[in-house]
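The values are calculated or read from the model by the stated rules, or taken from the named source; none is laboratory data. Please read all numbers here as calculations on a predicted model, not as lab measurements. We place every Cβ from the backbone using ideal geometry, glycine too, and count neighbours over all the protein chains shown. The protein model used for the area step is the full one, side chains on, heavy atoms only, and it has no ligands, DNA or RNA in it. Shrake-Rupley method; radii C 1.70, N 1.55, O 1.52, S 1.80 Å.
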Amino acid sequence: MTAKSNQEVVNEVLYLYELSLSVGQSLDLNQNSKGFAEALTRKYNLNAIGVWISSDQLNDRKDSSGYTQICSIPPAHIKLDQDNLLQKLLADENYMVQTCDQKLSEHIDGTTDHKGDVAILFKLKQLGYMALITPGSTEQQAHLIAKQLKSVVAKFSTSLEGCIAHHNLQYELLQKSEKDQQLKSISKFPQENPNAVFRISTFGRVLFANDPAQKILDEMKVQVGEKIPGKLMRFVRSMLLNRKDQEFELFSAGKFYDFKLIFVSDGPYINIYGRDVTKKKLAEAALASNMQSTKLILNNALEAVINMNDEGYIIYWNKQAETCFGYTEEEALGEKLSELIIPQELRNAHEQGMKHYLKTGEGPVLSKRIEIEGLRKNGERFPVELTVIPVSTSNGEYFSSFIRDITKEREAKEALEKSEARYRDLIDNASDMIYRADPSGFCTFVNPVAARIIGLPEEKLVGLHFTQLVHADYREKVATFYRDQMLDGDDTSYLEFPVNNAHNETLWVGQNVQIIRDEDRVVGFTAVARDITVRKQLLSQIQRSEEKYRGIIENISLGLVETHIDHKVKHVNESFCKMTGYDKEELLDQVIYHRLMNTAASTQFAEDRKSLEQTKHTINEVQLQRKDGSSFWCLISTAPMYSGQGEYIGAISLNLDISDRKNAEEEIRKALEKEKELGELKSRFVSMTSHEFRTPLTTIRTNVELLQFHLEQMDAADRGKLDKNFTRIESEIKRLTDLMNDVLTIGRIESGKIKFQPVQTDLVEFCQNIINQSFSEQKDGRKLNFEVQGDPCSVLIDPQLFAHVVSNLISNAFKYSRERPAPELRLIFEPSYTHLQVKDRGIGIPEQEIASLFDSFYRAENVDNIQGTGLGLSIVKQFVEMHGASISVDSAENQGSVFTVELPKK
Ligand code: ADP
């Protein structure tokens, strides 16, 4: 800590001195603390100050619990409740320093602005608290400030005590003066009362009388301080005895009084309120004689009868008045009529009117029926019809009022008005023309719509005959129609006809007519006519387009049949008639299809029709019978028809003669069948002839062999001559046998007699065996080169069929490569395929013929005189395919060929 310079110390002392001067400058609580707070902010960097005084201290706030803010900078009104934060923090300390959290900040000026700022909190003795926010100060600096301020705050507290005492005194004085005021005004109250007010002692001595009371006392010749007359005293005693209020009437010195004695339970006095009712009494008395006889009548009158005297007090109230207004006779008599049954805002006018009459004898509402509002006892207002009749008697003037509750009438009237208005509205704003006519047809009423549509004012239309506007061409027809209606006695009718309007336009109307009768006599009719021009135009458009459509369908080559929901024919076109040979008349209104079809077809057709309602469309191909008995194939396409409301109303069918197509179909079918038959015949023929060929061939061969055996016994010279012939015979036999075998094999393949029976086979060994058996000794001495590539493995083959394939390919290779290098057989084993290749360096195959090689009996052009049948490769291909394998050829003429069989691994 740095030591303060002398000057700083002097300055601080001066500040504190100035501060202490600011304390206690005013006796006013708020002013005082405000002065202090302002001085504090001048000296220190503070941005909020709050000073609260406990409500217990302030007499005018005793009721509120907590602390009231009496000063704050910036202005705020924060009430601290009993368990407030400051109270808790300062429970044991007179002051403390605290960094603000949100709650403390809110406590001080209702904001959260001071969160994080350092606050100094002081306890102001038992009076309350003071809080200062020192923004930018550290807690240490705040502690220093707090210490400095300690004594000046104590002084401030003391000054507050003075202010509080002053404040409370002020308050009490104020209270007292208010009470005095009240007392004063109350004491004046009886004087201001227009009715008589007395106070008498329990012994009957008059203690007080206001001016009106003084007048009564004068009449009774009694002074304040003296005793009241004995007859009055009677009631006082009775009241004291019963300890209850008492009411009575008194006649004294020619005047009637109403008195009310009010019992004051703990006072040694009684209050009496009195009223001079002489006039009222006199009027009543006057009436009494007069009314005794009429009372009975009036009580039974349908109207409420109320009489009042010239002061407006009710002096007569009959039974109806009781029902009408809800007050009993007892309740109503003596009351002011205007106050009882006239609504507040009308009262003044009523009283003025009465006064005016009494003064001038004029009353604009008197003796007339007027409608005004009355007021029932329950506060309800209701309409009444009122007649007031002034009655002059020797006793003065009174008024007799006859009052009728017209709520119901009013309601009925309103309802009627409403319904009339509605009816009017309906007629005036209807979109239809409405008019009324007398029995002869002359208009007596038209609505504005009619006037607008026809283009003539209503008054011109009234009086016209209703047929005058009808279009000339229809006038006679319309007149006859309505004449007939009248004659037939039909009450309602509907007719459509054209009318002319004032602009010479023709409009179509649809008219509903209702006859009006008075008992049985016709007194006229009401007509509601709707402008249907647009509908008519639309209709005729539709008709035109329908005619167009009819024209088209009449002329199409398709037969058209429209049927009703019961399947009876509604319409057929010319084409259908031509198709079937019937006339239109023979078909209309008939259920025709079942007549035109055989039973099975018509049953199916009827079944399909039933589902028409659900399905949209059916198509049938059926044979129909013409009128002449001949038949033809017909394609019938049927669609359902619906009404505007979506109802199923029938069907429409288009009929197409498909005989030509059917016939063509039939011919194709027949040709196909024939071909199939031929094929079967062929294969049967082949197998049969082959067998027939083979048998004699065998016989020939056996005999040749026998002959050879015998020849061997002969001389070598002779034998040599014949050997050549034998060899040729043998060769030819072999050729024929091979051909027969091939033909037979093909026959068996075609008839599906060859079975595929695969077994796992060692292909290398399999091929080697074939070579050894059939190709080891070639006449020209050539040897087949056999080569294996890859890892040999067993393959799934039918040994018999596959042997045929391999032999055939090798034999062709030798056959078509004479005098050329020997052919090769190569087996290539790959992971997913095994290839078998037969390669020769022979004559090759012309490129354009490669595609046909595998057809039966096909031989290439370059074979010259090399023998063959053209069946071998055809059989090979079929056998290969039975293995799920394929065969391909790669060849060039005069260079050689490679045949490759690709066997998939299984
Ligand atoms: P063929 O009995 O005529 O040999 P194939 O069906 O076995 O009948 O063969 C059909 C034809 O394919 C042969 O006539 C020949 O033109 C041709 N051909 C077949 N193999 C070979 C080949 N290795 N070299 C050249 N042409 C061949």
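Annotations
- Every listed requirement among (1) of a type in the set (D, E, K, R); (2) more than 8 Å from the ligand (Cβ to nearest atom); (3) surrounded by fewer than 17 Cβ atoms within 10 Å (Cβ to Cβ) is met by E824 save one, (3).
- Screening the range 568-678 for strands (runs of 3 or more DSSP E) wholly inside it with 1 or more residues that are surrounded by fewer than 13 Cβ atoms within 10 Å (Cβ to Cβ) and modelled with pLDDT under 85 returns the ranges 618-625, 631-642.
- Restricting attention to the range 67-83, the residues being surrounded by fewer than 17 Cβ atoms within 10 Å (Cβ to Cβ) and either under 17 Å from K125 (Cβ atoms) or touching a His at 6+ places or on another chain (Cβ under 7 Å) (or both) number 0.
- Only one entry of L132, L86, L124, L149 meets the criterion of being touching a His at 6+ places or on another chain (Cβ under 8 Å) and open to solvent by less than 80 Å² (accessible area, probe 1.4 Å), and that entry is L86.
- Residue ID - farthest from G747 (Cα to Cα), chosen from residues in the range 881-892 that are within 12 Å of the ligand (Cβ to nearest atom) and of a type outside the set (G, A, S): D890
- Among the residues of the range 840-854, the ones that are open to solvent by 70 Å² or more (accessible area, probe 1.4 Å) and either within 9 Å of the ligand (Cβ to nearest atom) or polar (S, T, N, Q) (or both) come to 1 in all.
- So Q895, is it within 8 Å of the ligand (Cβ to nearest atom) and either farther than 20 Å from E750 by Cβ or in contact with a Pro (Cβ under 6 Å, 6 or more places away or on another chain) (or both): no
- So R475, is it in contact (Cβ under 8 Å) with a residue 24 or more places away in the chain and among the basic types (K, R): no
- Hey, Q878 more than 9 Å from the ligand (Cβ to nearest atom), open to solvent by 60 Å² or more (accessible area, probe 1.4 Å) and in contact (Cβ under 8 Å) with a residue 12 or more places away in the chain or not: yes
- Residue in the range 736-758 that is of a type in the set (S, T, Y), open to solvent by 40 Å² or more (accessible area, probe 1.4 Å) and closer than 20 Å to N812 by Cα present: no
- Top-ranked residue in the range 549-567 [being open to solvent by 50 Å² or more (accessible area, probe 1.4 Å) and part of a helix (DSSP H, G or I); ranked as nearest to S631 (Cα to Cα)]: N555
- For first residues located in the range 145-156 and closer than 17 Å to S33 by Cβ, partners that are open to solvent by less than 80 Å² (accessible area, probe 1.4 Å) and in a helix (DSSP H, G or I) and lie 6+ apart or on another chain with Cβ distances below 7 Å form the pairs V152/L16; V152/L19; V152/S20; K155/S20; F156/F36.
- Failed criterion for D864 (all others in (1) near the ligand (Cβ under 8 Å from one of its atoms); (2) within 23 Å of R735 (Cα to Cα) hold): (1)
- Extreme residue, surrounded by the most Cβ atoms within 10 Å (Cβ to Cβ), among residues of the range 794-820 that are within 14 Å of the ligand (Cβ to nearest atom) and over 14 Å from D780 (Cα atoms): V805
- Counting only strands (runs of 3 or more DSSP E) that fall entirely inside the range 48-112 and contain at least 3 residues that are at pLDDT 85 or above, under 14 Å from L132 (Cα atoms) and among the hydrophobic types (A, V, I, L, M, F, W, C), the qualifying elements are 48-54.
- Residues (open to solvent by 20 Å² or more (accessible area, probe 1.4 Å) and over 19 Å from L763 (Cα atoms)) located in the range 882-897: S888, V889, D890, S891, A892, E893, N894, Q895
- Taken over the range 459-474, the residue count meeting the criterion of being of a type in the set (F, W, Y) and surrounded by fewer than 15 Cβ atoms within 10 Å (Cβ to Cβ) is 0.
- Answer residue from the range 378-420, given it is touching a residue at least 40 places away in the same chain (Cβ under 8 Å) and not in a strand (DSSP E or B) and is surrounded by the fewest Cβ atoms within 10 Å (Cβ to Cβ) among those: S394
- Within the range 307-323, not a single residue is without any contact (Cβ under 8 Å) to a residue 60 or more places away in the chain, out of contact with any helix residue (DSSP H, G or I) (no Cβ under 8 Å at 6 or more places or on another chain) and basic (K, R).
- Flag for K231 being in a helix (DSSP H, G or I), open to solvent by 40 Å² or more (accessible area, probe 1.4 Å) and farther than 27 Å from S187 by Cβ: yes
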